[in-house]
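Asker: Got a structure here, written out as structure tokens. Questions coming.
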């Protein structure tokens with residue numbers, strides 16, 4: 001470079017000084033453009049402009065699950081149901097639970113996210129395979145979001161699948177109460193008032209990209225953080241939602257899964273299932289949540305009560321159902337790490353291992369869901385019996401060798417109860433147990 005500069009300088013002195021100035025200007029522009037963007041890696045690939053006006057990030061996750069199901073033996077005293085209809089090796093084996101590619105970014109004041117799950121099969125292909133697809137911007141004290149995202153309801157529902165403590169979410173989530181209605185399309189607004197109060201409200205269609213469901217959901221969530229400091233967090237929250245669906249489209253219903261992902265679906269009631277119901281029927285849910293994290297121990301629980309409209313007839317009158325669901329959960333990092341609280345979701349995340357050989361976490365959860373309206377006269381669960389209840393006890397252990405890998409072990413002890421057919425019959429129960437193991441990668 002020195003001989004070129006010398007040559008141009010000598011030439012400019014003799015004949016054309018502006019040529020040298022032009023050369024320096026071009027060199028400056030070229031050098032500036034080379035440094036206009038920074039490429040790095042921090043929890044995924046990142047591209048960022050020097051002025052901060054543009055950001056782009058690429059992340060991914062892969063969850064490979066293996067299951068072993070141990071169905072209940074059929075009882076000769078009553079008809080088989082639930083897992084009693086399975087053979088011993090039914091639903092055993094491997095499945096790709098998730099294979100996400102996630103693109104996030106910012107253009108000036110507009111944030112965006114597009115997330116696709118490549119693990120879906122041919123019946124749920126793109127665009128139904130999209131999980132989150134939205135744009136957002138700051139508005140006043142909060143952020144307004146438009147697109148497909150999770151409705152603001154529930155502590156465990158809003159926890160990332162990379163950071164849930166057990167492999168399956170509890171009955172207070174889309175695994176149970178919201179019956180798969182996790183990612184919806186619409187508009188939401190959420191923010192903080194000071195450092196301790198959070199809020200979120202939304203209005204959304206029940207449809208998911210690629211599925212022509214007809215219905216609407218609206219509701220909100222409020223969170224209070226009396227304590228939120230290193231080593232101690234107290235979280236209290238409340239949410240309310242109302243889902244109204246077309247009778248010929250997606251029914252407002254509650255379905256619980258016991259025995260893990262490959263276990264048994266148990267319907268706890270469907271809004272609008274009664275003969276003579278109107279075209280539109282609703283599910284209204286109130287939920288309370290609490291969590292306390294102190295050092296390496298985290299305790300949390302949620303209680304929800306949900307009303308389903310027009311689930312059954314009683315004396316030729318349309319009747320509603322009440323479903324209650326709750327869980328209590330405790331987790332402990334044996335290796336001393338502390339749970340991380342994330343204000344962007346008002347939910348907990350997982351820490352980085354503090355030991356060279358990784359972090360170990362133990363967890364136990366009790367989960368119950370039941371239709372309290374089911375009896376021998378009223379029959380919202382369509383079983384013709386006295387009970388409609390599911391209980392799940394889950395024991396888990398997680399090993400985090402590093403921040404990008406996790407191995408999860410879950411063992412389920414479950415009981416589905418449908419009670420008796422009449423006063424002289426025996427109580428009918430299905431006792432299913434299962435073991436699940438996950439290998440999780442994320443970047």
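Asker: Take the conditions touching a strand residue (DSSP E or B) at 6+ places or on another chain (Cβ under 7 Å), in the same structural domain as residue 363 (by TED's automatic domain parsing), part of a loop (DSSP other than H, G, I, E, B) and surrounded by fewer than 24 Cβ atoms within 10 Å (Cβ to Cβ) and apply them to residue 307. Does it pass?
Answerer: The answer is no for residue 307.
Asker: When you go through 254, 264 one by one, which is the residue that is under 29 Å from residue 127 (Cα atoms), buried (at least 16 other Cβ atoms within 10 Å of the Cβ) and touching a helix residue (DSSP H, G or I) at 6+ places or on another chain (Cβ under 6 Å)?
Answerer: 264
Asker: Looking at 116, 95, which one is in the same structural domain as residue 304 (by TED's automatic domain parsing) and either touching a helix residue (DSSP H, G or I) at 6+ places or on another chain (Cβ under 9 Å) or in a strand (DSSP E or B) (or both)?
Answerer: 95
Asker: Right, next: Read through the list (1) within 30 Å of residue 336 (Cβ to Cβ); (2) part of a strand (DSSP E or B), then give the number of the only condition that residue 260 fails.
Answerer: (2)
Asker: Ok, one more. Please tell me if residue 228 is under 28 Å from residue 167 (Cβ atoms) and either modelled with pLDDT under 95 or not in a strand (DSSP E or B) (or both).
Answerer: It is true that residue 228 is under 28 Å from residue 167 (Cβ atoms) and either modelled with pLDDT under 95 or not in a strand (DSSP E or B) (or both).
Asker: Going residue by residue through region 329-344, is there one that turns out to be crowded, with 16+ Cβ neighbours inside 10 Å, on the phi > 0 side of the Ramachandran plot and in a loop (DSSP other than H, G, I, E, B)?
Answerer: no
Asker: Of the conditions (1) crowded, with 16+ Cβ neighbours inside 10 Å; (2) not in a loop (DSSP other than H, G, I, E, B), residue 47 satisfies every one except a single condition; which number is it?
Answerer: Residue 47 satisfies all of (1) crowded, with 16+ Cβ neighbours inside 10 Å; (2) not in a loop (DSSP other than H, G, I, E, B) except (1).
Asker: Checking residue 54 against (1) over 30 Å from residue 163 (Cα atoms); (2) without any contact (Cβ under 8 Å) to a residue 60 or more places away in the chain: exactly one of these is not met. Which one?
Answerer: That leaves (1) as the condition not met.
Asker: Confirm whether residue 152 is in contact (Cβ under 8 Å) with a residue 40 or more places away in the chain, more than 22 Å from residue 190 (Cβ to Cβ) and surrounded by 20 or more Cβ atoms within 10 Å (Cβ to Cβ).
Answerer: Working: in contact (Cβ under 8 Å) with a residue 40 or more places away in the chain: yes; more than 22 Å from residue 190 (Cβ to Cβ): no; surrounded by 20 or more Cβ atoms within 10 Å (Cβ to Cβ): yes.
The answer is no for residue 152.
Asker: Would you say residue 169 is under 22 Å from residue 262 (Cβ atoms), assigned by TED's automatic domain parsing to the domain that holds residue 330, without any contact (Cβ under 8 Å) to a residue 60 or more places away in the chain and outside any strand (DSSP E or B)? Please lay out each step first, then the result.
Answerer: Numbers: under 22 Å from residue 262 (Cβ atoms): yes; assigned by TED's automatic domain parsing to the domain that holds residue 330: yes; without any contact (Cβ under 8 Å) to a residue 60 or more places away in the chain: yes; outside any strand (DSSP E or B): yes.
The answer is yes for residue 169.
Asker: Another question, if that's okay. Only one residue in 297, 322 is at pLDDT 95 or above, under 18 Å from residue 165 (Cα atoms), surrounded by fewer than 17 Cβ atoms within 10 Å (Cβ to Cβ) and touching a strand residue (DSSP E or B) at 6+ places or on another chain (Cβ under 8 Å), so which one is that? Can you show your working first?
Answerer: Numbers: 322 fails: under 18 Å from residue 165 (Cα atoms).
Of 297, 322, the one residue that is at pLDDT 95 or above, under 18 Å from residue 165 (Cα atoms), surrounded by fewer than 17 Cβ atoms within 10 Å (Cβ to Cβ) and touching a strand residue (DSSP E or B) at 6+ places or on another chain (Cβ under 8 Å) is 297.
Asker: Could you please let me know if residue 70 is within 21 Å of residue 257 (Cβ to Cβ), in contact with a strand residue (DSSP E or B) (Cβ under 9 Å, 6 or more places away or on another chain) and modelled with pLDDT of 90 or more? Lay out the reasoning, then the answer.
Answerer: Numbers: within 21 Å of residue 257 (Cβ to Cβ): yes; in contact with a strand residue (DSSP E or B) (Cβ under 9 Å, 6 or more places away or on another chain): yes; modelled with pLDDT of 90 or more: yes.
Answer is yes for this residue.
Asker: Could you go through region 231-239 and let me know if any residue there is farther than 20 Å from residue 326 by Cα and part of a strand (DSSP E or B).
Answerer: yes
The values are calculated or read from the model by the stated rules, or taken from the named source; none is laboratory data. Keep in mind it's a predicted model, so treat the numbers as computed, not measured. Ideal geometry is used to build each Cβ from the backbone, glycine not excepted, and the neighbour counts take in all protein chains shown.
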